[in-house]
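Encoded as structure tokens, the structure appears first; notes follow it.
The values are calculated or read from the model by the stated rules, or taken from the named source; none is laboratory data. All figures in this text were calculated on a predicted structure; none of them were measured in a lab. As a convention, Cβ positions derive from the backbone with ideal geometry for all residues, glycine included, and neighbour counts pool all protein chains shown.
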Amino acid sequence: MEIIVTLLIGAAAGWLGSVLFKGSGFGLLGNLVIGLLGSIVGYWLLGELGIHLGTGWIGAIATAALGAVVILVVVNLVFPRRR
């Protein structure tokens, strides 16, 4: 059951990160990967800064979404989109 919850939180965080960043989405699988990686980056980054966004689903999604935004910023800096 934990794996399903983790995947749902990752998907929600990836989607929220792509909405907050105003970039083009990566689809369901891409948002899931971005969200899961974003949770790792978010927990590490906020831990280094001494910030805690709370416990439970809301805190996990907020932390992962913040990490997802950081990942999306870095991805768009490394691979700029041509317009």
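Taking Leu46, is it among the aliphatic types (A, V, I, L, M), modelled with pLDDT of 85 or more and in contact with a Leu (Cβ under 8 Å, 6 or more places away or on another chain)? It is true that Leu46 is among the aliphatic types (A, V, I, L, M), modelled with pLDDT of 85 or more and in contact with a Leu (Cβ under 8 Å, 6 or more places away or on another chain).
The residue pairs whose first member lies in segment 1-22 and is aromatic (Phe, Trp, Tyr), whose second member is modelled with pLDDT of 85 or more and surrounded by 15 or more Cβ atoms within 10 Å (Cβ to Cβ), and whose beta carbons are closer than 7 Å, counting only pairs six or more residues apart or on different chains, are Phe21/Val69; Phe21/Leu72.
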